[in-house]
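Have a look at the structure below before the remarks.
The values are calculated or read from the model by the stated rules, or taken from the named source; none is laboratory data. Owing to the predicted nature of the structure, the values given are computational and were not obtained by experimental measurement. Ideal geometry is used to build each Cβ from the backbone, glycine not excepted, and the neighbour counts take in all protein chains shown.
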Ligand SMILES: Cc1cc2nc3c(=O)[nH]c(=O)nc-3n(C[C@H](O)[C@H](O)[C@H](O)COP(=O)(O)OP(=O)(O)OC[C@H]3O[C@@H](n4cnc5c(N)ncnc54)[C@H](O)[C@@H]3O)c2cc1C
């Protein structure tokens, strides 16, 4: 068995297949694992994530994967999400005593950045999502409808759109509301905030991202497999509708009974030759899937400027501030360093792509100083900006029609990656789902079916009353 790509999709497929008794040989082009969800060491020895990654309680497959590779204990879950607007008004999202779907009612009622009229319009839209169990009738219109259109049809106020829907969804889906299929947006609220009490809980790694994959190599190797780094695949060979091998630098060729290609979709599109596209037309359609950017800004201050583990900012370029010192410190038993390391996240950061790094640093520093008064007195020791132009696939209306299934019409070829047909947007959960689905397809084809995909969290509390 050959797996190409050592991101979450390739790793989850590889670990699952190894567990099913297959000898897995994984090939990754970079010198480390994790793909887009990884961390590097800067020349001065500082560990930085390529960008802060978070998970939610409803991401059941990612949780299962972390458990399989011994990393579940490296994710810390938080029950309280904090929001702050430029006027300094704060709001929280936290489950209270009431059962779902009313568990957020208390914190929602007290959410200062929203007016009563905003809240009433949001409550009506939530009711609609509840009644449809996350599937309102207009989501199935041909070609899909945008999230903005969905909100307008439900007469959402400008305040509700800008200070609530946009804040949650641009971060969750990495796209603007007018370019997001409403199906994904509605699903975020159904699975994360309405159907049960724990789906919204936010999981944040307490170690640099690359450390989450330490157990993967061991899982694959203990079943006789291998993990090969710095090994980019240069070509895929097929004959008579079946994969006959993959080619690496220097003409080295490797063969296997089955191949899982777990590459980002632009890389897969580049490797797909005309014969492959003839056998599997969906490979020729990958260019219809767009990409959207995320920018991460890293600040090191000479003193503590923030107490909370993270905060969401409303109506600023900066969307999230993560207190990395506190998040890492909790795991390392320290957290008492003099200085403080913050990481800022800006999703769908189209406007920043062309801006010089210093301009981005200046803009974000001003926003941090406005949000965190202690930062005004502090000295910024170091700053870095990491722009990911193709961070995720863009969840544009109707995008699902271009997403291929994990099983292809080419014998021996299986696909994985957050962009394949999982029903999920581009997330770590979507990547792991795709890896598990690819592993299931391999085993089904080999006549030894086995299930890896985990069920969604069940609806609980009084949710049944509404649907
Ligand atoms: C900045 C940023 C922030 C994000 N934030 C979040 C978040 O908070 N929460 C969340 O759930 N998701 C987040 N995501 C999305 C998440 O990272 C991805 O959805 C997920 O990691 C994709 O995994 P994958 O395995 O499908 O693809 P990838 O991680 O891209 O893995 C593909 C692998 O294939 C390798 N490869 C490519 N070409 C070749 C070749 N020719 N030969 C061999 N190997 C090759 C690549 O090096 C890579 O390791 C974020 C993404 C980015 C970029």
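Observations on the model:
- Residue 9 at pLDDT 95 or above and not in a loop (DSSP other than H, G, I, E, B): yes
- Residue within the range 47-66 that is touching a residue at least 12 places away in the same chain (Cβ under 8 Å), closer than 16 Å to residue 214 by Cβ and surrounded by fewer than 19 Cβ atoms within 10 Å (Cβ to Cβ) present: yes
- Test result for residue 169, modelled with pLDDT of 95 or more, part of a helix (DSSP H, G or I) and farther than 23 Å from residue 204 by Cβ: no
- From 260, 311, 291, residue being within 30 Å of residue 416 (Cα to Cα), in contact (Cβ under 8 Å) with a residue 12 or more places away in the chain and either surrounded by fewer than 19 Cβ atoms within 10 Å (Cβ to Cβ) or within 20 Å of the chain's Cα centre (by Cα) (or both): 291
- Failed item in (1) modelled with pLDDT of 95 or more; (2) within 30 Å of residue 259 (Cβ to Cβ); (3) not in a helix (DSSP H, G or I), with residue 58 passing the rest: (2)
- Output for the range 299-319, where each listed residue is outside any strand (DSSP E or B) and more than 16 Å from the ligand (Cβ to nearest atom): 302, 303, 304, 305, 306, 307, 308, 314, 315, 316
- Filtered residues of the range 426-457 (kept if closer than 25 Å to residue 185 by Cβ and more than 8 Å from the ligand (Cβ to nearest atom)): 432, 433, 436, 437, 453, 454, 455, 456, 457
- Identity of the residue in the range 12-47, more than 14 Å from the ligand (Cβ to nearest atom) and in a strand (DSSP E or B), that ends up nearest to residue 60 (Cα to Cα): 47
- Residue in the range 429-440 that is crowded, with 19+ Cβ neighbours inside 10 Å, in contact with a helix residue (DSSP H, G or I) (Cβ under 6 Å, 6 or more places away or on another chain), more than 30 Å from residue 40 (Cβ to Cβ) and at pLDDT 95 or above present: no
- Residues that are touching a helix residue (DSSP H, G or I) at 6+ places or on another chain (Cβ under 8 Å), under 30 Å from residue 440 (Cα atoms) and free of Cβ contacts under 8 Å to residues at least 40 places away in the same chain, drawn from the range 67-101: 72
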